[in-house]
1. Could you tell me which numbered condition residue 79 fails, if it satisfies all but one of (1) at pLDDT below 85; (2) not in a strand (DSSP E or B)?
2. So which residues in the stretch 357-376 are buried (at least 18 other Cβ atoms within 10 Å of the Cβ) and modelled with pLDDT of 90 or more?
3. Would you say residue 114 is closer than 24 Å to residue 53 by Cβ, at pLDDT below 90 and in contact with a helix residue (DSSP H, G or I) (Cβ under 6 Å, 6 or more places away or on another chain)?
4. Failed condition for residue 201, given (1) in a strand (DSSP E or B); (2) at pLDDT below 95, with all others met?
5. Of the residues in the stretch 294-334, how many are over 25 Å from residue 396 (Cβ atoms) and over 17 Å from the mean Cα position of the chain (by Cα)?
6. Scanning for something surrounded by fewer than 17 Cβ atoms within 10 Å (Cβ to Cβ), modelled with pLDDT under 85 and either farther than 25 Å from residue 463 by Cα or outside the structural domain of residue 477 (by TED's automatic domain parsing) (or both), does the stretch 409-424 turn up at least one residue?
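The values are calculated or read from the model by the stated rules, or taken from the named source; none is laboratory data. Model, not experiment: these values are computed from the prediction. Ideal geometry is used to build each Cβ from the backbone, glycine not excepted, and the neighbour counts take in all protein chains shown.
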């Protein structure tokens, strides 16, 4: 047994001072440093004597044991020594794929050159400041269960971040395979280096759609560098969407910064962008736009874009704010010098399915996509391109999306010299979707309301009123076909062609007389169209067109579901008239093929009577056509008050319950979604 204090150069019971402790520690440190230096010299002597190839099998075995995947090195190991980042070249290398992987290898390369950071090795991290691949094939895969083949088994089990880092990557004559089962994506990209960078050519499928891409990139992929922009120029086609782009990407892992010019971005419909970037856009006509895309600090900005959507010219900006565990929030403003409603599809109710032959749009909305984004976007348009029969102009709308509720608030557009202003709300949290329309009609000019009727162009007068409807359904047609509420418009004074009104009254004698003497404007006392709507059926409460010479009153119904009309107009001349046929006018048929005409049976009876009288005495032939004016003035004030009274029906109240306002069917509320 050693005697106490033995081996202590300072004797038994010695207690070191601070200086003495430092001297002792210094002695021990020198011994450690000396040992490490000696070990390094021995290792270097072995390397220079036998070469790095002596480490080939030990390295392969160690990696295979640590990862559970076979690493095979068939070629030489060569080193270019550096105290900071040793550089090693390994030739003919294969690294096995995960057992569930589709490809045989995760990596198969003719040669790999890499710098290695020494210090991170002491904490179990492999950091490669620079890696160069020659003749390599890299297969990155994610299976249907979400497993990633570039993570080792223990990393997957513990949900740890990868301990393997590559900062800079250069390639030469290599291929990259990206196979992502959850998104039905598989892309193969060939890479070849030239003096100015890397040419790439890829093809495959992106989210189930055919994809191809070709272009040129910088020499170095800055995988972990979040400050150095990586230049990129490419032509990409995914499905029916194509993009020609040029710019830079900073931080390829996570796309920290993007500055790309699109010249152009084009496709068949903007709603197809949802399958590419995951944000909901409306169905549109074919589009072609240019613009600049930025991304920084979680914000995407597509600014100064301009181009064509169908026949519409659009310009403006779109800004999307993203954050973890929250829906993206889209803001923007779109301006159009010329806007064709048909180009905005279902957003403004012009979409039409191929299975439907009616007029009301039946293109289904996609509320299941509305949870992909919240939005606040303004649309402004000056000139509206539309059919001559639809006198719409100056369109303004603010589109808001919040938790699957789509609002056009406010929605305003000019029509026939006046304005329609109000709100449209569609709640995608219910199945079927719920819709609500509240609009005010202001100052529609009679002459512009019928732009194709020549005799109406001299008319004077403004129509005002309201539209209040609520319904359920997944398209504009179904919403209107199930709606409840009220539609009422009126005119309290104006002027109109006397000849036109005589024709309406089928007063042939006065019509001829007016035509011979010259047409003139006569007073309009009032015009009223008041409809109650229930279950998509519009029933006339009052139909009145009261002028100085004739009072036209009517009734009937309009079926918004089947798009059929059954209206009757009864003209009552106010003066004693010769050759007035005094027959009701019927408006029947469908919206697409209306049938307007008089009661042919009554006209035939009058004509037969005239023939019989003419046989007895030619002067008596006019007796069946002579009518005494009995048309009376309508109570305009009372009817106008009723037409403009807001609906108080049960159907309007039903919009706040779980019952369908149209058919009484239970509306199913969809599960709540995460809020922005």
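1. Residue 79 satisfies every listed condition except (2).
2. Answer for the stretch 357-376, where residues must be buried (at least 18 other Cβ atoms within 10 Å of the Cβ) and modelled with pLDDT of 90 or more: 374, 375.
3. It is false that residue 114 is closer than 24 Å to residue 53 by Cβ, at pLDDT below 90 and in contact with a helix residue (DSSP H, G or I) (Cβ under 6 Å, 6 or more places away or on another chain).
4. (2)
5. The number of residues fulfilling the criteria is 10.
6. Looking for residues that are surrounded by fewer than 17 Cβ atoms within 10 Å (Cβ to Cβ), modelled with pLDDT under 85 and either farther than 25 Å from residue 463 by Cα or outside the structural domain of residue 477 (by TED's automatic domain parsing) (or both), one finds at least one in the stretch 409-424, hence yes.
Residue by residue, here is whether (1) at pLDDT 75 or above; (2) farther than 21 Å from residue 644 by Cα; (3) in contact with a helix residue (DSSP H, G or I) (Cβ under 6 Å, 6 or more places away or on another chain) holds:
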{"residue": "540", "(1), (2), (3)": "yes, no, no"}
{"residue": "558", "(1), (2), (3)": "yes, no, no"}
{"residue": "561", "(1), (2), (3)": "yes, yes, yes"}
{"residue": "572", "(1), (2), (3)": "yes, yes, no"}
{"residue": "576", "(1), (2), (3)": "no, yes, no"}
{"residue": "582", "(1), (2), (3)": "no, yes, no"}
{"residue": "587", "(1), (2), (3)": "yes, yes, no"}
{"residue": "592", "(1), (2), (3)": "yes, yes, no"}
{"residue": "596", "(1), (2), (3)": "no, yes, no"}
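The rows are residues; the columns are (1) surrounded by fewer than 15 Cβ atoms within 10 Å (Cβ to Cβ); (2) at pLDDT 95 or above.
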| site | (1), (2) |
| --- | --- |
| 210 | yes, yes |
| 213 | no, yes |
| 218 | no, no |
| 221 | no, no |
| 232 | no, no |
| 237 | no, yes |
| 251 | no, no |
| 255 | yes, no |
| 260 | no, no |
